[in-house]
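Heads up: the structure comes next, in structure tokens.
The values are calculated or read from the model by the stated rules, or taken from the named source; none is laboratory data. Values in this document were obtained by computation on a predicted structure and should not be read as measured data. Please note: Cβ atoms are built from the backbone with ideal geometry, for glycine as well, and neighbour counts cover all protein chains shown.
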Amino acid sequence: MTDKADILPGTLDLLILKAVSLGEVHGYGVLLRIERVSGGALAIQQGALYPALYRLEHQGLIRSEWGRSENNRRAKFYRLTPEGRRRFGEEKASWKRLSDAMALTLTATPQEV
Amino acid sequence: MVNGLVARLSSLVQGLVARLSSLVQGLVASLSSLAQGLVARARSLLRGIGSRSTVEAEMREEFRHHIESRADDLVHQGMPRRAAARQAHREFGHTETHREHARAARGLRLLDQMRFSWIDVRLGVRMLTKHPMLTLVSVFALAIGIPVGLAPMHLANAVEAPLPEDPDDRIRGIRLWDPVTASPVTPNARDFDLWSRELTGFSSLAAFRAATVQVESDDGRAAAVEGAHVTASIFEILGRAPQLGRALAVGDQASGAPDVVVIGHDLWASRFATDPDMVGRTLRLGGVPHTVVGVMPAGFLFPARQQLWIPLRDEVLTGAGTPEHLRVLGRLSSGTTAEEAQAELGSVRRAEAADSRTADERVVPEVVPFGMLYIGLPRGGLVSEPGFLFFQLLALALLLVACGNVSMLIFARTATRFRELAVRTALGASRMRIVCQIFAETLVLAVLSAGIGVIAIDWILGRIDFAMLTGEAALPYWLSLGITGEAMVRALALAVLSATVAGVVPAIRITGKDVQQSIRRVDAPASGIRFGGVTSTLVVADVAVSVAVIALALGLADRMMSVQASDHLVGVSADEYLAVEFRLADDGIRGGGGAAAERMFTERLASTQQRLVERLLAEPGVRSVTVAEALPRMDHPSRRVEVDGTEVSDRERGRYVRTARVDVGFFDALDQPVLSGRAFDFADLEGDAPVAIVNTVFVERLLGGRDALGQRVRFVVAGAEDGPWHEIVGVVGHLGTNIVNPEGGPALYVPAAPGTIHPARLAIHVGNAPESLAPRVREVLADVDPTVALEPPVVLSRVRQGDWYLMVAVAGGLALLAGVLVALVASGVYAMMSYSISERTREIGIRSALGAPRQRVVLTILRRSLTQLGIGALLGIALAAFIFTDPDGGARQTTLIEALGASVGLAVGIVGIIGVLSCLVPARRILAVESSAALRAEG
């Protein structure tokens, strides 16, 4: 677990939106999906996941429905609403700008100053 | 070059448009996203509130699924089942904490904190008994404030309520409305005929007009009784059957049918001793014999408080003339709504309405509730009147003032419970929870006050004799001001509003940041809560307004007492005149007869009047007799008068002026000198050149002081043709055109021929003890015409009319308001003082121990309250002076201030004494503080 990176504050919502945007998924699935796509680099505190999911649902960015999971258990599945899709696009673009700027700044050499 | 400029301009404009449109698009997008977000939040919150247990159960199930899935994965990785389950639980963490966070994410936690419990209510009730003085004052303030806030809307609703005979709300008035003058236009016979034929939305229509009818009793004396000319259909529409005999029938309306009448229960009981053989008896109505065919049961008073119903003759309904004040109502056909009836009425073909008023494009036909038809309110009801909003806001402002004061008391009450709040906070109560608790406690107080206030008002309304209070006929039977369920709901809403203002504001201040910090200091000697600037401002404002209101009430009372003896103000020796009012018998009957009957009536009235005046002048001691529409001190009718040569727009023409039609010898009979020009003479009645006499105030205000003689004036009536010009031929002093302000106000007099003033008012100049002539006047009048109805004669100096009653009502209202304000001042100062002293007990103890004289200690504590009292009193004096200053009349100002100076002084005295007493009672406690005890208490 030590090689896993901590999630930056404020990025949990974006990660969940991304996970849900890849297809309908239940809460535990969100956790697995983020771990899987980040190659195990990003680990989410399990306790923080559900408040974040409920917050996004409360804001109308994701929607939930009860269904059957792969192990045939009753589970609540989340999917993106149109508003959630729009917000995800915005957040992604904004994150991209920030990370590009960070990368540029961190790779700067003395010559560039 | 021009081309270049145009091109640049056009590109500039295009650029601007593009930027603007992108800006608008962005704005629309963000607004719509905001709206969507809000809708989603509201929906989620509602779900959380509505199906809380489902939401909780789903949360538990979702967590279980998570933990079980994780355990499955661990088992797949080779972990034993039980160890996997334990591991999954450990990784997931404390479920209750997650659930708590999840609730917060859904916005439910705030809701949980706001949830009230019975404990809060019980605490609220206990607080009421723990601080009884504070409870008494707060309840007093709110029990008056809440009904006052409720009153305007309550009245507006009462006016629109259905008739008591019409619980299903199916009866509607049909009328014509002139939007330009904002007044109803009386429909004529053609309109009634047209509506009766065309409207299918009404199952039946009825017409009526109210009239005062002279009913002769067996001894030949006549008395005026309120009655109505009605079509027979009214009884069917109202659905009430007579107690004896029959109701009016369609046949009674026919031309030439025998004269019949249906009488009311009260008349039957009071005049005919509930004679079981009433039906068939003959009554002389206005000198014409009518056969009684029926007696209506008690409580039938249509349209207002009537006791006689005479058939409205077909010739009135089909005649060419317009009967005055004809009103039409109908019962909606089953299945038809009022809106549908309105649509149908609007579409009645105007082309077919030749000769009817409906044909006038300007008037709007309307279907309205009965009360609006009767009172003549616009379609929107009282609420749509421009003054309504003002009164509603004023009433709410009064309530707000009461709430502000109660809030101060709640603040003081809560501040004394500082330790309790500290303990609750320590035990984990959030700030929101404590605010809610204080709100709930205040709500108990507010609901109690609302209940007491509403019940008290209901009780008082049931006992007020409106006839006595207003000098007018009693309220219409259908206007019920009693408290309805709807009014109760509104009172509760106002109680919640009051509790929010009075409870939440102090609660937020008390639980504020500084206090929170202070709570954490275990050894805090006192709460550290201080009354702030808001409280001081409130006390100062209370004192100022109390002083002004009490001064105004005292001033009014003073004025009311002096009105009686204010002959010098009236300009006439009113105590030497006997005022007599009489009505001729035919009034009320003549409406059916057209122009010929009108002429006959005038001739009879003229003859009666002349014979009466002659006979009275022959009586010993009578010096003069005169007839007028209104005598000095009585309320003269206000009419709009335009002066020739003042050019203004059509709508603004004319100024309201008190007027009176008087007989030719009026001024002479009243010993009034004509200051310039001449008095009226008989030639003025015959010539084609109408004349007028004005008073000096008229000359000052409407003519700007220039020579009045030869100027021309005329009456302006909105929506009607202008009257002829009257030439001013004389100027007189002021004769008192109303009772409240007899020496002020412009007045205009026009001469009236005998027989044209009805009811006629006689001023008989007798000299000493005019009332002794009253019995003789009765005898003479009975001798001249026994059917004439005479109002009780009264000495002119004792006449009290509309303005007088208004003044009584205003003075009463002010006295009540003053009472509330003084109680608030007293309680506010008392609460502040008590609180300061309990907070500063240790300081007082130390000062005393160090040898400070007790008086100085007392003064130090009192200083703040005394300063507030002083500033408030000064502001109150300024406010009173401002209110009493009449911007219009320069000369009046000084006399008024002189007259009211004493009132202001007295008001300051009253408020001052009560304020100082409120300080001194708690201050006595300072003197009782023992140094050692004080130090020990907080040590």
*Which listed residue is closer than 13 Å to B:His290 by Cα, among the aliphatic types (A, V, I, L, M), more than 36 Å from the chain's Cα centre (by Cα) and in a loop (DSSP other than H, G, I, E, B), from B:Val279, B:Val261*: B:Val279
*Of residues in segment A:35-72 being under 18 Å from B:Ile67 (Cβ atoms) and more than 10 Å from chain B (Cβ to nearest Cβ), the one farthest from the chain's Cα centre (by Cα)*: A:Asn72
*Pairs where the first residue, in segment B:56-68, is farther than 20 Å from B:Arg86 by Cβ and touching a residue at least 12 places away in the same chain (Cβ under 8 Å) and the second is part of a helix (DSSP H, G or I) and of a type outside the set (Val, Ile, Thr), C-beta under 7 Å, 6+ apart*: B:Met59/B:Arg99; B:Met59/B:Ala102
*Of the residues that make up segment B:373-394, is at least one surrounded by fewer than 21 Cβ atoms within 10 Å (Cβ to Cβ), touching an Asp or Glu at 6+ places or on another chain (Cβ under 6 Å) and modelled with pLDDT of 80 or more?*
yes
*Only one of these conditions is not met by A:Arg97: (1) more than 18 Å from B:Ala40 (Cβ to Cβ); (2) among the basic types (Lys, Arg); (3) within 13 Å of another protein chain (Cβ to nearest Cβ). Which number is it?*
(3)
*asked:* Being free of Cβ contacts under 8 Å to residues at least 40 places away in the same chain and either more than 21 Å from B:Ala189 (Cβ to Cβ) or among the polar types (S, T, N, Q) (or both) narrows it down to one residue among B:Pro258, B:Pro242; which is it?
replied: B:Pro258
*Of the residues that sit in segment B:51-68 and are surrounded by 14 or more Cβ atoms within 10 Å (Cβ to Cβ) and more than 10 Å from chain A (Cβ to nearest Cβ), which one is farthest from B:Phe92 (Cα to Cα)?*
B:Arg52
*So is B:Arg90 assigned to a helix (DSSP H, G or I), of a type in the set (D, E, K, R) and within 14 Å of chain A (Cβ to nearest Cβ) or not?*
yes
*Restricting segment B:93-121 to residues that are part of a loop (DSSP other than H, G, I, E, B) and modelled with pLDDT of 80 or more, which is nearest to the other protein chains (Cβ to nearest Cβ)?*
B:Gly93
*Assess whether B:Ala84 counts as being surrounded by 18 or more Cβ atoms within 10 Å (Cβ to Cβ), within 14 Å of chain A (Cβ to nearest Cβ) and over 30 Å from A:Leu61 (Cα atoms).*
yes
*Answer with yes or no whether B:Val125 is modelled with pLDDT of 85 or more, at negative phi and away from every other protein chain (no Cβ under 11 Å).*
yes
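Based on what the data block shows, is B:Ser573 over 30 Å from B:Arg424 (Cα atoms), modelled with pLDDT of 75 or more and either of a type in the set (A, V, I, L, M, F, W, C) or surrounded by fewer than 21 Cβ atoms within 10 Å (Cβ to Cβ) (or both)?
When the stated conditions are applied, B:Ser573 passes them.
Filter segment B:863-895 down to residues that are polar (S, T, N, Q) and at pLDDT below 80 and give me whichever is farthest from B:Leu554 (Cα to Cα). Full working, then the answer.
Residues of segment B:863-895 that are polar (S, T, N, Q), as a first pass: B:865, B:867-868, B:885, B:893-895.
When the remaining residues are screened for being at pLDDT below 80, the result is B:865, B:885, B:893-895.
Working: B:Ser865: 26, B:Thr885: 16, B:Gln893: 17, B:Thr894: 17, B:Thr895: 16 Å.
Within segment B:863-895, the match that is farthest from B:Leu554 (Cα to Cα) is B:Ser865.
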*asked:* Please go through segment A:73-90 and give me each residue that is more than 9 Å from chain B (Cβ to nearest Cβ) and buried (at least 18 other Cβ atoms within 10 Å of the Cβ), ordered by number.
replied: A:Phe77, A:Tyr78, A:Leu80, A:Gly84, A:Phe88
*Is it fair to say A:Thr107 is away from chain B (no Cβ under 11 Å) and among the polar types (S, T, N, Q)?*
yes
*Here are B:Asp193, B:Asp166: which of them is in contact (Cβ under 8 Å) with a residue 60 or more places away in the chain, touching a strand residue (DSSP E or B) at 6+ places or on another chain (Cβ under 9 Å), of a type outside the set (Gly, Ala, Ser) and within 29 Å of B:Thr337 (Cα to Cα)?*
B:Asp166
_Let me spell it out: the conditions are (1) buried (at least 21 other Cβ atoms within 10 Å of the Cβ); (2) in contact with a strand residue (DSSP E or B) (Cβ under 7 Å, 6 or more places away or on another chain), and A:Glu65 meets all of them except one. Which number is the exception?_
(1)
_Residue satisfying condition, being of a type in the set (Asp, Glu), within 33 Å of the chain's Cα centre (by Cα), buried (at least 17 other Cβ atoms within 10 Å of the Cβ) and not in a helix (DSSP H, G or I), within set B:Glu165, B:Glu226_ = B:Glu226
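Would you please name the residue that is surrounded by the fewest Cβ atoms within 10 Å (Cβ to Cβ), looking only at residues in segment B:27-50 that are hydrophobic (A, V, I, L, M, F, W, C) and in contact (Cβ under 8 Å) with a residue 12 or more places away in the chain?
Step by step, filter segment B:27-50, then rank; the result is B:Ile49.
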*asked:* Looking only at residues that are part of a helix (DSSP H, G or I) and of a type in the set (D, E, K, R) in segment B:436-466, which one is nearest to the chain's Cα centre (by Cα)?
replied: B:Asp458
*Quick one: in segment B:715-734, which of the residues that are under 19 Å from B:Gly745 (Cα atoms) and outside any strand (DSSP E or B) is modelled with the lowest pLDDT?*
B:His734
*Does any residue of segment B:398-416 turn out to be surrounded by 16 or more Cβ atoms within 10 Å (Cβ to Cβ), at pLDDT 85 or above and closer than 30 Å to B:Met372 by Cβ?*
yes
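Taking the options B:Arg661, B:Arg633, B:Arg611, name whichever one is closer than 19 Å to B:Thr737 by Cβ and in contact with a helix residue (DSSP H, G or I) (Cβ under 7 Å, 6 or more places away or on another chain).
B:Arg633
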*Restricting to segment B:128-140, what's the tally of residues that are farther than 14 Å from B:Arg417 by Cβ, at pLDDT below 85 and buried (at least 21 other Cβ atoms within 10 Å of the Cβ)?*
1
*Only one of B:Glu629, B:Glu619, B:Glu652, B:Glu614 is exposed (fewer than 14 other Cβ atoms within 10 Å of the Cβ), over 15 Å from B:Asn695 (Cβ atoms) and at pLDDT 85 or above; which?*
B:Glu614
